[in-house]
Amino acid sequence: MNSVNLFDDERNNCDDCKNEKRLQFSQSLFKLSKSQKSKMKEVYILIKFTAVNIFLTTT
């Protein structure tokens, strides 16, 4: 993967570049194996569950 300069405003602001970054991100997610995807899903559910618990205990 080629590195992208985050401080290069012109590249970050153009729509084509944002779409290109989204495309690269979705392609990299697509390349993940099923075990990695299920692991990510577990972590996401765990984070969501923790956030709900924190929200419920603080209100």
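Here are some notes:
- Within region 27-51, the residues that satisfy the criterion of being of a type in the set (D, E, K, R) and in a helix (DSSP H, G or I) are Lys34, Lys37, Lys39, Lys41, Glu42, Lys48.
- Neighbours by Cβ (under 6 Å, 6+ apart or cross-chain): first from region 38-54, on the phi > 0 side of the Ramachandran plot; second at pLDDT below 90 and assigned to a helix (DSSP H, G or I): none
- Scan of region 24-43 for residues that are within 12 Å of the chain's Cα centre (by Cα) and of a type in the set (A, V, I, L, M), ordered by number: Leu29, Met40
- The listed residue being surrounded by fewer than 10 Cβ atoms within 10 Å (Cβ to Cβ) and modelled with pLDDT of 85 or more, out of Phe7, Phe30, Phe55: Phe55
- Residues of region 12-23 satisfying the condition of being part of a helix (DSSP H, G or I) and over 15 Å from the mean Cα position of the chain (by Cα): Asn12, Asn13, Asp15, Asp16, Cys17
The values are calculated or read from the model by the stated rules, or taken from the named source; none is laboratory data. Computed from a predicted structure; not experimentally measured. Neighbour counts run over all protein chains shown; Cβ positions are idealised from the backbone, glycine included.
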